[in-house]
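The values are calculated or read from the model by the stated rules, or taken from the named source; none is laboratory data. Bear in mind the structure is a predicted one, so any value in this text is a computation, not a measurement. Cβ atoms come from the backbone with ideal geometry, glycine included; neighbour counts cover every protein chain shown. Side chains included, ligands, DNA and RNA excluded: accessible areas come from the protein's heavy atoms. Shrake-Rupley method; radii C 1.70, N 1.55, O 1.52, S 1.80 Å.
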Amino acid sequence: MSGSEKKHKLSYLIAALILIIVWNAVSCLINSPAIPNPYVVFLSFTQQLKQDLPQHFLISAYRVIYSILLALSLAIPIGLSAHEKRIDSFVAPFIYLLYPIPHIVFLPLIILFFGIGDLSKIILIALIVFFQILVTTRDAARSVNEYYIYSLLSLGATKKDIYKHVVFPFVLPKILTALRIGVGTAIAVLFFAESFATNEGLGHLIVDSWDRADYPSLYAGIVSMALLGFILYSILEFVEKRVCRWM
Amino acid sequence: MTKAIEAINISKVYSNGVKALENVTFSVEKGESCSIIGPSGCGKTTLLFIFSGILKPTTGKVLIDGSEIDKPRNTALILQDFGLFPWKTVYENVCLGLKIRGVEKNKQKKIVEKLLKDLGLQDFRNSYPKELSGGMQQRVAIARALALNPEIMLMDEPFSSLDALTREKLQNFLLELQNKDSITTVLVTHNIEEAVFLGKKIVILSPRPGKVVKIIDNEEMGDVEYRNKKGFFEKCREVRKSISLVI
Ligand SMILES: Nc1ncnc2c1ncn2[C@@H]1O[C@H](COP(=O)(O)OP(=O)(O)OP(=O)(O)O)[C@@H](O)[C@H]1O
Ligand SMILES: [Mg+2]
């Protein structure tokens, strides 16, 4: 590990510490069971780890990761193909009409078609993330400088080479940025999707503890959800660092 | 002598109605070096793209080695800014043409390693273009062109963004390369001294639509010392005069 990286890690630690201190101060000041102090939450968190918290965590992680993969696997090919003017002129109107809709309103429709199980939750999250990735990928794919393509063509490249060596590598960093924003959205929608019609997942845990006014458990759920977001975000950052070294 | 490139009455009108070239006729002998000079926007880049087979002329035809081109042939194209792919390392950039042509991995390595060594780039094989100076970037671009062992090298203002000293060094380098390998080269430039130093034949184009105004023979070139000779300055004056007549 290099010196600057160590410093980087240290500054994260300091920030985390400050947040915990502020939390503690607020909880002391307000002195209500609705805001337990960090230590109580920590105890509850470790307590729950021995019970069904890991189960909830894994289910949530499974739902959100599947959703993101589903969204990516559709948004990237469609977005990249917008590099082709003919395809784009066909796809663009659909994007313009469908993107501004708050896709969460499709929930009843999704449930109607896919039932109230995991699949519906995954499709709901994927739908929302899909548009975020698609719009970014399309914009980037259209903005590839044509001189890069001329340069590649002069080497005898085929269409496939153009996507492989120019369009995709050019667009990739932008996809990752969109994905970082997408992860935040995905987890927010995950919470919403897990707040009904399920007995599993962190969203369920939170809403259920809330109903029972079991605040330490509620906070354990919140912390776990934050942790899930943090882990996904860290993975993305790791990938981004490797992939975007050229920028 | 046989003709490597023969432009016969070529005109180019872009789809938006811009007429870039009009009735351009000239030829370049095998092994000869030709400079093309002309005002900004007169269609020089367009002409190179036509020679390389990336664009088709609207009317007229281009013969490469006596036959009409239908797709990019064994010509290498070096562009000013968008030639190298920023997302590929020096090694990957130089290797790209070989990879696209399906050359065997071991053979790729052998060719590329030798070129990197010849061009003094071996210590930078894993660097990305942004980590190199402008002069070094253009050397990588030249290496990539040479990797394909081309019969014709087309260069579009390859040195225009370099400082005077680096520029002169690379001009010398290119001259030596021409003398050694006798590759047919076509060099587009804005710089009169560069056109005279590197071109045995100097083609002067008019403002858009580009027409051939004059072809100046420059038999004396070919030596690095030419730059300091009286003949060089006289030739520069002749070229300057011809240009000032058309602008
Ligand atoms: N793809 C294109 N579609 C429409 N017009 C184009 C296209 N490419 C170039 N042109 C136009 O054709 C003319 C000639 O362009 P070209 O790039 O060949 O000129 P140039 O001599 O290389 O210019 P410069 O000295 O600035 O590099 C310009 O007016 C340019 O705007
Ligand atoms: Mg140009």
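Taking segment B:185-210 only, how many residues are within 25 Å of B:Thr58 (Cα to Cα) and away from ligand 2 (no atom under 16 Å from the Cβ)?
Here is the first cut: in segment B:185-210, the residues within 25 Å of B:Thr58 (Cα to Cα) are B:185-189, B:202-210.
Still in the running and away from ligand 2 (no atom under 16 Å from the Cβ): B:185, B:202.
Selection size over segment B:185-210: 2.
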Give segment B:137-161 a look and list any residue that's at negative phi, within 16 Å of ligand 2 (Cβ to nearest atom), touching a Leu at 6+ places or on another chain (Cβ under 9 Å) and assigned to a loop (DSSP other than H, G, I, E, B), or say none. B:Pro158, B:Phe159
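For segment B:45-61: of the residues being among the aliphatic types (A, V, I, L, M) and crowded, with 22+ Cβ neighbours inside 10 Å, which is nearest to the other protein chains (Cβ to nearest Cβ)?
Taking segment B:45-61 as the starting set, the residues that turn out to be among the aliphatic types (A, V, I, L, M) are B:47-48, B:50, B:54-55.
With the extra rule that they be crowded, with 22+ Cβ neighbours inside 10 Å, the set shrinks to B:47-48, B:50.
Numbers: B:Leu47: 13, B:Leu48: 9, B:Ile50: 12 Å.
Restricting to residues being among the aliphatic types (A, V, I, L, M) and crowded, with 22+ Cβ neighbours inside 10 Å, the top hit is B:Leu48.
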Testing B:Arg73 on (1) assigned to a loop (DSSP other than H, G, I, E, B); (2) closer than 20 Å to B:Ser182 by Cα; (3) within 16 Å of ligand 2 (Cβ to nearest atom), one condition comes back false. Which one is that? (3)
Checking A:Lys174 against (1) out of contact with any Ser or Thr (no Cβ under 8 Å at 6 or more places or on another chain); (2) within 14 Å of chain B (Cβ to nearest Cβ), only one condition comes out false. Which one? (1)
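Restricting attention to segment B:86-103, does a residue exist that is among the polar types (S, T, N, Q) and assigned to a strand (DSSP E or B)? Talk me through it step by step, then tell me what you get.
Initially, segment B:86-103 is screened for residues among the polar types (S, T, N, Q), giving B:89, B:93.
Filter again for assigned to a strand (DSSP E or B), leaving none.
No, that holds for no residue.
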Residue set B:Leu77, B:Leu98, B:Leu121, B:Leu116; condition within 8 Å of chain A (Cβ to nearest Cβ) and buried (at least 18 other Cβ atoms within 10 Å of the Cβ); output residue B:Leu77
Can you name the number of the only condition in (1) at pLDDT 95 or above; (2) open to solvent by 10 Å² or more (accessible area, probe 1.4 Å); (3) within 14 Å of chain A (Cβ to nearest Cβ); (4) within 16 Å of ligand 2 (Cβ to nearest atom) that B:Tyr91 fails? (4)
When B:Ile192 is evaluated against the numbered criteria (1) free of Cβ contacts under 8 Å to residues at least 24 places away in the same chain; (2) of a type in the set (A, V, I, L, M, F, W, C); (3) touching a Lys or Arg at 6+ places or on another chain (Cβ under 7 Å), which criterion, by number, is the only one it fails? (1)
Go through segment B:5-18 and report how many residues are in contact (Cβ under 8 Å) with a residue 12 or more places away in the chain, more than 16 Å from ligand 2 (Cβ to nearest atom) and not small (Gly, Ala, Ser). 6
Selection count where residues are under 28 Å from B:Ser244 (Cβ atoms), among the β-branched types (Val, Ile, Thr) and more than 16 Å from ligand 1 (Cβ to nearest atom), scope segment B:158-211: 2
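Just the residues that are in a loop (DSSP other than H, G, I, E, B), open to solvent by less than 50 Å² (accessible area, probe 1.4 Å) and within 14 Å of chain B (Cβ to nearest Cβ), please, taken from segment A:111-144.
Of all residues in segment A:111-144, those in a loop (DSSP other than H, G, I, E, B) come to A:115-117, A:143-144.
Checking which are open to solvent by less than 50 Å² (accessible area, probe 1.4 Å) leaves us with A:115, A:117, A:144.
The one that is in a loop (DSSP other than H, G, I, E, B), open to solvent by less than 50 Å² (accessible area, probe 1.4 Å) and within 14 Å of chain B (Cβ to nearest Cβ): A:Val144.
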Mind checking which pairs have a first residue in segment B:46-66 that is over 19 Å from B:Leu187 (Cα atoms) and a second that is open to solvent by 30 Å² or more (accessible area, probe 1.4 Å) and within 15 Å of ligand 1 (Cβ to nearest atom), Cβ under 6 Å, 6 or more apart or different chains? B:Thr58/B:Val13
Across segment A:145-162, which residue is farthest from the other protein chains (Cβ to nearest Cβ) among those that are surrounded by 21 or more Cβ atoms within 10 Å (Cβ to Cβ) and not small (Gly, Ala, Ser)? A:Leu152
Evaluation of A:Thr46 against (1) surrounded by fewer than 16 Cβ atoms within 10 Å (Cβ to Cβ); (2) touching a Leu at 6+ places or on another chain (Cβ under 8 Å) (one fails), failing number: (2)
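Every residue, every condition in (1) of a type in the set (S, T, N, Q); (2) under 24 Å from B:Ala76 (Cα atoms); (3) crowded, with 19+ Cβ neighbours inside 10 Å, yes or no:
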{"site": "B:Asn149", "(1), (2), (3)": "yes, yes, no"}
{"site": "B:Ser182", "(1), (2), (3)": "yes, yes, no"}
{"site": "B:His190", "(1), (2), (3)": "no, yes, no"}
{"site": "B:Ile215", "(1), (2), (3)": "no, yes, no"}
{"site": "B:Ser244", "(1), (2), (3)": "yes, no, no"}
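Confirm whether B:Phe85 is under 24 Å from B:Ser15 (Cβ atoms), at the interface with chain A (Cβ under 9 Å from one of its Cβ atoms) and not acidic (Asp, Glu). Talk me through it step by step, then tell me what you get.
Working: under 24 Å from B:Ser15 (Cβ atoms): no; at the interface with chain A (Cβ under 9 Å from one of its Cβ atoms): yes; not acidic (Asp, Glu): yes.
The answer is no for B:Phe85.
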Could you please let me know if B:Ile152 is more than 16 Å from ligand 1 (Cβ to nearest atom), away from chain A (no Cβ under 13 Å) and in contact (Cβ under 8 Å) with a residue 60 or more places away in the chain? no
When the residues of segment B:22-44 are filtered to those that are under 21 Å from B:Ser67 (Cβ atoms) and buried (at least 21 other Cβ atoms within 10 Å of the Cβ), which remaining residue is nearest to ligand 1 (Cβ to nearest atom)? B:Val24
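Of these, B:Gly134, B:Gly120, B:Gly83, which one is within 16 Å of ligand 2 (Cβ to nearest atom) and under 29 Å from B:Phe197 (Cα atoms)?
On the way: B:Gly134 fails: within 16 Å of ligand 2 (Cβ to nearest atom); B:Gly120 fails: within 16 Å of ligand 2 (Cβ to nearest atom).
One residue alone meets the criteria, B:Gly83.
Within segment B:31-54, take every residue that is in a helix (DSSP H, G or I) and within 11 Å of ligand 2 (Cβ to nearest atom) and give me the one that is nearest to the chain's Cα centre (by Cα). First the steps, then the outcome.
Residues of segment B:31-54 in a helix (DSSP H, G or I): B:44-52.
Next cut, within 11 Å of ligand 2 (Cβ to nearest atom) only: B:44-49.
On the way: B:Lys44: 11, B:Thr45: 10, B:Thr46: 13, B:Leu47: 11, B:Leu48: 8, B:Phe49: 11 Å.
The residue in question is B:Leu48.
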